[in-house]
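The structure appears right after this line, and notes come after that.
The values are calculated or read from the model by the stated rules, or taken from the named source; none is laboratory data. All of these numbers come straight from a predicted model, not from anything done at the bench. Quick reminder, even Gly has a Cβ in these numbers, built from the backbone with ideal geometry, and neighbours come from all protein chains shown.
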């Protein structure tokens, strides 16, 4: 299950780095994993903006 | 029997170990017949065996296509829906037409050999008048195949999960789970360019969804009928080809707690039922023929007190297009 996105910027970087490693370990190519993590960041930012109003 | 070894040479038969000795009846000797050799009859039994529920589910989740053990495919770049919205397809007098091209990236991949060996003790086999009841190899081979299918399904689900863009959602009496799934279907359509064919609903997510619609505290009682939806009705409501309830169980060690293969999650993606290497599916399963020519191979090696049965196959679940694979992670609060 995906964890909730952390609040601080430093924690966020660690979170997305760990997410990238997890995706590569599951069998995605590095290029695809980076693409999915980029999209995940955008999705999380969109959700966060919506929640903040 | 004097020229048995020469006769065997003519028939093309081979015998493991030493050459037969005079007076020794060795051709029917099980230990030599099956000395780690392919058991085509058992492989044939596996090929003709009706699929188990788990295998049907596996094939629906990850439609298979036959390839060589090394294969190439064009990984789609994001070009399929390019549109000349600026009228650049209209040729000016004396000018040439706009020239376009698709630049897919060619990827080389290979199937992986996956197998398990079961050591069957002869003491455990049923006997009648001192003779082992025939056909027992088939049952063990079928059990091994089921286990390999489950392992590959779990591997495929992990890859699907890693390829998905996730959104966290709360499913409760105050929310609309099916609305969240429609939003996910729509997100796949926009990212992929096509409606998703698959919506995979984890067993626990389905439980939570039904709880949400059954709740007595739900303000919009008209929606409570959604709890009764069959997967076909839900697919029609969401606008996807099928909804697959993934209710598999896995256990990583004897005595360990059993777990759902898909938990509080739902996925949407596009995958054609009969894929080819270059069709625009998000996920595919390549399988290459094993020794004997089929999808599954069986080898039997008989010893004095036990027999080793090995079942294996060669496959790779891969994601040619990541765009559009979406996931919902749901919780009750």
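Worth a mention:
- Residue check, residue B:81 farther than 30 Å from residue B:286 by Cβ, assigned to a loop (DSSP other than H, G, I, E, B) and out of contact with any strand residue (DSSP E or B) (no Cβ under 8 Å at 6 or more places or on another chain): no
- Note on region B:131-167: residues that are more than 30 Å from residue B:202 (Cβ to Cβ) and surrounded by 16 or more Cβ atoms within 10 Å (Cβ to Cβ) total 5.
- Residue match in region B:77-84 (condition: modelled with pLDDT under 95 and within 14 Å of chain A (Cβ to nearest Cβ)): yes
- Residues of region B:294-323 that are surrounded by 22 or more Cβ atoms within 10 Å (Cβ to Cβ), more than 10 Å from chain A (Cβ to nearest Cβ) and in a loop (DSSP other than H, G, I, E, B): B:296 alone.
- Any hit, region B:40-47, residues being part of a loop (DSSP other than H, G, I, E, B) and at pLDDT 70 or above: no
- Scope region A:26-53; condition more than 8 Å from every other protein chain (Cβ to nearest Cβ), assigned to a helix (DSSP H, G or I) and without any contact (Cβ under 8 Å) to a residue 12 or more places away in the chain; matching residues: A:30, A:31, A:38, A:42, A:45, A:46, A:49, A:50, A:51, A:52
- Residue in region B:146-166 that is modelled with pLDDT of 90 or more, within 14 Å of chain A (Cβ to nearest Cβ) and assigned to a strand (DSSP E or B) present: yes
- Entry remark, region B:215-240: residues being part of a loop (DSSP other than H, G, I, E, B), out of contact with any strand residue (DSSP E or B) (no Cβ under 7 Å at 6 or more places or on another chain) and buried (at least 17 other Cβ atoms within 10 Å of the Cβ) number 2 in total.
- Qualifying positions in region B:250-270 - in contact with a helix residue (DSSP H, G or I) (Cβ under 9 Å, 6 or more places away or on another chain) and either free of Cβ contacts under 8 Å to residues at least 24 places away in the same chain or under 17 Å from residue B:195 (Cβ atoms) (or both): B:266, B:267, B:268, B:269, B:270
- Given (1) within 16 Å of the chain's Cα centre (by Cα); (2) buried (at least 24 other Cβ atoms within 10 Å of the Cβ); (3) more than 19 Å from residue A:37 (Cα to Cα), number of the condition residue B:287 does not satisfy: (2)
- Boolean, residue B:91 is touching a strand residue (DSSP E or B) at 6+ places or on another chain (Cβ under 7 Å) and over 30 Å from residue A:45 (Cβ atoms): no
- Residues (at pLDDT below 95, part of a helix (DSSP H, G or I) and under 25 Å from the mean Cα position of the chain (by Cα)) located in region B:190-206: B:191, B:192
- Hey, residue B:178 over 30 Å from residue B:76 (Cα atoms) and over 27 Å from the mean Cα position of the chain (by Cα) or not: no
- Residue match in region B:111-130 (condition: more than 20 Å from residue A:46 (Cβ to Cβ), within 14 Å of chain A (Cβ to nearest Cβ), in contact with a helix residue (DSSP H, G or I) (Cβ under 7 Å, 6 or more places away or on another chain) and surrounded by fewer than 17 Cβ atoms within 10 Å (Cβ to Cβ)): yes
- Selected residue (criterion: farthest from the chain's Cα centre (by Cα)) from residues of region B:242-271 that are outside any strand (DSSP E or B) and crowded, with 16+ Cβ neighbours inside 10 Å: B:264
- Failed item, numbered, when residue B:141 is tested on (1) within 25 Å of the chain's Cα centre (by Cα); (2) assigned to a strand (DSSP E or B): (2)
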